[in-house]
Amino acid sequence: MLQKIFCYVQEQNLIQAEDHILLGLSGGADSVCLLLLLKELQERIPFTLEAIHVEHGIRGEASRQDAAFSLEVCKRLSVPCKVVSVNVPSYCKKTGLGTEEAARILRYEAFGNRCMELKKPGKRVKIALAHHMEDQSETVLFQLLRGCGLAGLRGMEPCALDINGNSLIRPLLCVSKADILQELKGRGQEYCEDETNSSNDYSRNYIRNVVLPHLKNVNPQAVAHICETASRVEEAYEYIHGKGEILIERLVEKGEHCARIEVQALREQPKLLQKEVIREMLFYVAGKKKDITATHVESTLGLAECQSGKKIRLPYGMEARREFQTLIVARDNTSDQNTRARSLDSVEVTDTQLQYLLKNPTESLEISLGENGCFRFSVKAWQWGTDEIPKKPYTKAVDYDKMRGGFSLRFRRAGDYLVLDGSGHRKKLKEYFIAEKIPVGLRDRIPLLAKGQEVLVVPEGRMGHGVRVTEETQWILEISYSGGIF
């Protein structure tokens, strides 16, 4: 198995001389196997190896035993190991996230923090993850079930970057779970079992524990074939992407926050390349790739068959429109009409108004947004432990002092986010709407309380962490919302 991993590492250029490899070590079979193999690979490639174990605070004593086991294995192999303890249940309570997502966020945050500590000029730090062929199959099936294009069907890449620009490598993608277990058995190496992996409450666990075994009953080589298909899709994607880059260079005119292409020139290309060109136009104007989906590409491409004047709204404040024989993707702020519309959608609540309410607690401030509802604001004294936060669905209570300086009543804009906790972790407003299953057609009609791009309150929804009522709160701003879309 060592020779197979060595060849894969060389073929994919995963580890180079003088790299610093940070292994995510859970204590489970996969990561323990990768630890043993990387230790032996050091005899062939001169790199530095250390491990990091994230103790999630979920499984009590069992979780602490996993940490102790990881430390012991690393000590025996003379591999430095750092244990980082996080509190996933507390983080879930603060953010409203599920256990699996919260654990992943905190785990990768720990990896990223250690990378920052290790990075020096000229030094390459890479995070090694123990994903194997079954994990790859789960990812491909998961993406397929969600509805994805070629990019999603590629599965996990052997070498990639996380959202913070840290390098991720996956040296075990070429081996199966059975290979890993057989390797550990042959070495007489023990490992930890995480009982949560047997739970089918999570989609990936269900695919792993139920779907894949059924597929193996149909064909014992199902996992290998899924991975082979993902590899072929990767080759096809790279070819199409390369062709698309040539066309973009030749046909697409790029400006500041804007890209345009002649409709006839676009129509002359094969359908796959048309989509690739549109996708890259969207990436260019948005300045990012996340949340740009196949649906956005299809909708934008559909404008090529529409009459002049047709347009659609897209993520990150973008708009795609047909202007005579040209298809244009641009930020909304390039359109005077859209700018005027947005200015009408914003009402300022000033600090002067807030101070008036504080001095006159019996008074209230009422602001109407027409068909989008009405807000009523009032200020009340607050005593922690004796007073009760309003529990009506359309009434919120926030810390008055944290609203000082004023705020805006407006609708969503590109870049809006919610602050989830005291550490400043953020969630894009769009991601929040998706998680709450808010229909796309209603998202632009939900009034928000915001300061800049930070959303403080979503009526009948979530509040930002920074305005919550705490033990230090002396006065609350009570916000009542009526009418509108709810």
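The values are calculated or read from the model by the stated rules, or taken from the named source; none is laboratory data. Here the structure is a predicted model, which means the values were calculated and not measured. Glycine also receives a Cβ, built like all others from the backbone with ideal geometry; neighbour counts cover every protein chain displayed. Keep in mind that these areas ignore ligands, DNA and RNA; they rest on the heavy atoms of the full protein, side chains included. Shrake-Rupley method; radii C 1.70, N 1.55, O 1.52, S 1.80 Å.
A few notes on this one:
- Here each label is just a point 7 Å from Cα along the line to Cβ, and for residue 120 and residue 312 those points are 5.2 nm apart.
- Per-residue ellipticity at 222 nm computed for the chain from its helices equals -12500 deg cm²/dmol, with DSSP H segments shorter than 4 residues left out and the rest contributing -39,500 (n - 2.57).
- Kirkwood-Stokes translational diffusion coefficient of the stretch 110-218, alpha-carbon pairs, 4 °C, 1.567 mPa s, µm²/s: 80 µm²/s
- Among [x] 0.95; [y] 0.99; [z] 1.15, the entry derived from the coordinates for Cα Rg over 2.2 N^0.38 Å: [z]
- Euclidean distance of C-alpha centroids, the stretch 413-441 and the stretch 303-322, integer Å: 24 Å
- Links that overshoot a 20 Å alpha carbon limit, given the list 93/428; 120/288; 4/75; 380/427; 93/451; 82/126: 120/288; 4/75; 380/427; 93/451
- The chain, relative contact order in percent, only Cα pairs under 8 angstrom and at least six apart counted: 10 percent
- Inter-label distance, nm, simple model (7 Å from Cα along the C-beta direction), residue 299/residue 240: 2.0 nm
- Rolling a 1.4 Å probe over the protein heavy atoms of the chain, with every protein chain left in place, gives an accessible area that is 49 percent carbon and sulfur.
- Packing rank of 116-125, 24-33, where each peptide gets the mean count of other beta carbons within 10 Å, highest leading: 24-33, 116-125
- Charge tally in the Cβ shell below 14 Å around residue 269, where Lys, Arg are +1 and Asp, Glu are -1, residue 269 excluded: 0
- Projecting label points 7 angstrom from Cα along Cα→Cβ for residue 380 and residue 4 puts them 6.6 nm apart.
- Within the stretch 112-152: Cβ-based charge dipole about Cα centre, in debye rounded to nearest 20 (Lys, Arg +1; Asp, Glu -1): 500 debye
- Cysteines in the chain lacking any other cysteine Cβ under 4.7 Å from their own Cβ: 7, 33, 92, 115, 148, 159, 174, 192, 227, 258, 306, 374.
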